[in-house]
There are 2 protein chains.
Amino acid sequence: MRKIDLKDYSIFVGDIWNDLNAFLKEKKYSRIVIIVDKNTKKQCLPKLLDKTNIDKPILIKTKSGELNKSIKSCNKIWKEMMDEGIDRNGLCINLGGGVIGDMGGFCAATFKRGIDFIQIPTTLLSQVDSSIGGKLGVDFADVKNSVGLFKNPKAVFIDPCWLESLPYRQLRSGFGEIIKHSLIDDSKQWKELSQIKDLKKVDWSSILVPSLMVKKRIVEADPFEDNVRKALNFGHTVGHAVESHALHSDQPYLHGEAIAIGMICEAYLSAKITGLPDSELKNIKDFINFHYDKNHLKEDSFPFLIHLMTKDKKNERSEINFTMLTEIGKATINQTCNHDLILESLDYFNN
Amino acid sequence: MRKIDLKDYSIFVGDIWNDLNAFLKEKKYSRIVIIVDKNTKKQCLPKLLDKTNIDKPILIKTKSGELNKSIKSCNKIWKEMMDEGIDRNGLCINLGGGVIGDMGGFCAATFKRGIDFIQIPTTLLSQVDSSIGGKLGVDFADVKNSVGLFKNPKAVFIDPCWLESLPYRQLRSGFGEIIKHSLIDDSKQWKELSQIKDLKKVDWSSILVPSLMVKKRIVEADPFEDNVRKALNFGHTVGHAVESHALHSDQPYLHGEAIAIGMICEAYLSAKITGLPDSELKNIKDFINFHYDKNHLKEDSFPFLIHLMTKDKKNERSEINFTMLTEIGKATINQTCNHDLILESLDYFNN
């Protein structure tokens, strides 16, 4: 078990149960809400209930998937918390992936002006990314995470045990953010990741800790995303647009899959604008293409993708804001470029 | 002009325009949203636009009244902010009473995880109460302020000019919270208030500042309502229930009118439980009855009122939580009592 201390909470990585039980015993919450979806109710909840001794837990089931990360779902969660008489001394446990962590955290942070919550992320993506950093919220008007707030959980419990049953695409999705962390701030981990050939045969504990350390360093330096935290948005300007656009299609991308596409496009922009060497651009493209199915972005969607990028939260004064790389392991924030070059980067991905 | 400095923002009381213009000039916001309702659009907005030099303000109009302080109204506000392309460098000005301040503040605090907002409260109630202390939110499932959060505005601008056109009932509503501040923490102001015979002939500036100082002392000692801040809930356990119950009737109470009823009931409980002298109970009852129309609470509503009290946010472990008085000017928090005594206090109010 490895403990990573942040300023006002800790992340426990490994076999989490002793620490989780110690946490619950110390805090003496009046009632405990557990938010699950269909998958985590079946795959994870039995172990949680078995390994802990939670008295009369209140189970709130939400629908899984990004399309259900909405104010409508929040209404349901708030209503059930209210009907169950949860008071300010209650705890909310978010047992699931990023949708449950972000949305359950948002509901807890706003229920009666805020009750405590902890994150038990059960997907690789949420373990390495959304469970830390305090970003909570839901999608609104087709824009990802556009209603929300910053608030840290009381603790995060990351157990790789959940990953054993995780579908391959879910692993690949989380791996996208791990790649990103290495690209923006840890060239040493990039070299190690480059050796990985099969995501099903990875010792995730040893990968998770350095990746979480990148995120810790960055979010602690800038908790509210005023400046350096924007480094974490590498791949996300294009990636979010691709993800949002595909959300309503038959084959939506998982978050990290969309970010993988975004990283190729934004590495291309980095080569054009911020001096990323062409050899490194090629390494990035080849490595991502090795692990992710080759997708094709339809040309007739490009104008709408650009439109979605113009609505990105990170923008200021109507300019599309990018994080780019100067080299592998070094990011530079607040970059802009013209729409033609963005279109070129989408073409680069396709070809 | 009087400036009250809190830890991370200031309240300006008096002629606000120089300070407001200085604030806007210094901050250089990308766009400015002004949230209004029908009344403030007509009564207050022209003066705001005339006295400032806001470039292309984005006007968002919400429906007035507590019934519209809802997630549904938030959806509309968030949507308009999104459609107008407001970025994180935007400012939201809440021009109105408590509904606009609480709800507009909540929308700003959660739009793209939080944009700056300032409060320009235009009713006596919002000037003396809701505009400071950082409580934001909306009503949910018939429970007041049950979805929200704590976040301070960047500044509060309180100008008594708005009170000249305020209807008498609105003055009386705000006066309820002013009475409360004196009862819980300022016996000297209670004596001064006791001399007031006509709310239409009051110099509000001289009353507002000491009343705001009570609230400042309390919210700074306990920003998140963990302990002493609960003193501000005197009158509110019964008052909120009375207000919620009447919300859907033909004649809803204004907030301070309901709190006035609640203060009589909770002063009665204080006399029974925490030693408030009977003579002071009588003074409180007589003074409140002098300024507020004598109302009658229907006996058949009492069980539902108790039910609503059991859902109050302040409760812990299912017990109805009260703030009571030990004497005029001194409050004691976290008091409980049995339902029979609460019923007795409602009878006391009626008789």
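Here, each number is a calculation from the coordinates, and none is a lab measurement. Keep in mind it's a predicted model, so treat the numbers as computed, not measured. Using ideal geometry, Cβ is built from the backbone for each residue, glycine included, and neighbour counts are taken over all protein chains shown.
Figures for the structure shown
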item	result
Net lengthening on full extension, A:Lys25/A:Ser279 (0.36 nm per residue, minus Cα-Cα)	86.1 nm
Rel. contact order, % - alpha carbon contacts under 8 angstrom, at least six apart, chain B	14 percent
Across the identical copies, how the A:Glu164 labels are spaced - nm, sorted shortest first, 7 Å along Cα→Cβ	7.6
Residue-by-residue Karplus 3J(HN,Hα) for the range B:124-132, coefficients 6.51, -1.76, 1.60, Hz, glycine and proline x	4, 4, 6, 5, 9, 10, 6, 6, 10
Inter-site label distance for B:Asp8 and A:Glu84 at 7 Å from Cα along Cβ, in nm	3.0 nm
Set of lysines near B:Lys191 by C-alpha distance (under 22 Å), chain-local residues within fewer than 8 positions excluded	B:Lys180, B:Lys200, B:Lys201, B:Lys215, B:Lys216, B:Lys282, B:Lys285, B:Lys330
The range B:17-105 - percent relative contact order, Cα under 8 Å, separation 6 or more	42 percent
Relative contact order of the range A:173-350, pairs being alpha-carbon contacts under 8 Å that are 6 or more residues apart, as %	29 percent
Estimated distance in nm for a label pair at B:Lys188 and A:Glu164, the labels positioned 7 Å out from Cα along Cα-to-Cβ	7.0 nm
20 °C / 1.002 mPa s Stokes-Einstein diffusion coefficient of the range B:2-165, Kirkwood radius on C-alpha pairs, µm²/s	138 µm²/s
Partner chain coverage, peptide A:222-231 - average Cβ within 10 angstrom	1
Likely footprinting exposure, A:Asp250, A:Asp116, fewest C-beta neighbours within 10 Å first	A:Asp250, A:Asp116
Antiparallel %, DSSP beta bridges [both residues in the range A:52-211], to 5	40 percent
In degrees, nearest ten, helix B:278-291 long axis to first principal axis of chain B (Cα)	50 degrees
Estimated FRET transfer efficiency (A:Arg217, B:Ser249; beta-carbon r; R0 51 Å; 0.05)	0.35
Proxy reagent accessibility, fewest Cβ within 10 Å first, across A:His291, A:His245, A:His240	A:His291, A:His245, A:His240
Net lengthening on full extension, B:Asp293/B:Asp203 (0.36 nm per residue, minus Cα-Cα)	30.1 nm
Rounded if a/c under 1.5, otherwise prolate or oblate - the protein assembly as shown, Cα gyration tensor axes	prolate
Cβ-based exposure ranking for B:Lys69, A:Lys56, A:Lys314, in which fewest neighbours within 10 Å come first	A:Lys56, A:Lys314, B:Lys69
Within 10 Å of each Cβ in A:106-115, the average number of Cβ atoms from other chains	6
Fraction of antiparallel bridges per DSSP, the protein assembly as shown only, in percent to nearest 5	45 percent
Alpha-carbon spread of chain B, three principal axes, descending order, Å	57, 39, 37
Pseudo-label separations to other copies for A:Gly65 - Cα-to-Cβ vector, 7 Å, nm	3.9
Dipole axis of the range A:2-165 (+1 Lys, Arg; -1 Asp, Glu on Cβ), positive-most option in A:Asn39, A:Cys107, A:Ser146	A:Cys107
Neighbouring partner chain Cβ atoms per residue of A:27-34, average, 10 Å criterion	1
Folded to 0 to 90 degrees: helix A:168-185 orientation relative to chain A principal axis, Cα	70 degrees
Gap separating the Cα centres of the range A:1-50 and the range B:262-277, nearest whole Å	44 Å
Ranked packing of B:296-307, B:185-196, most packed first, by mean Cβ within 10 Å	B:185-196, B:296-307
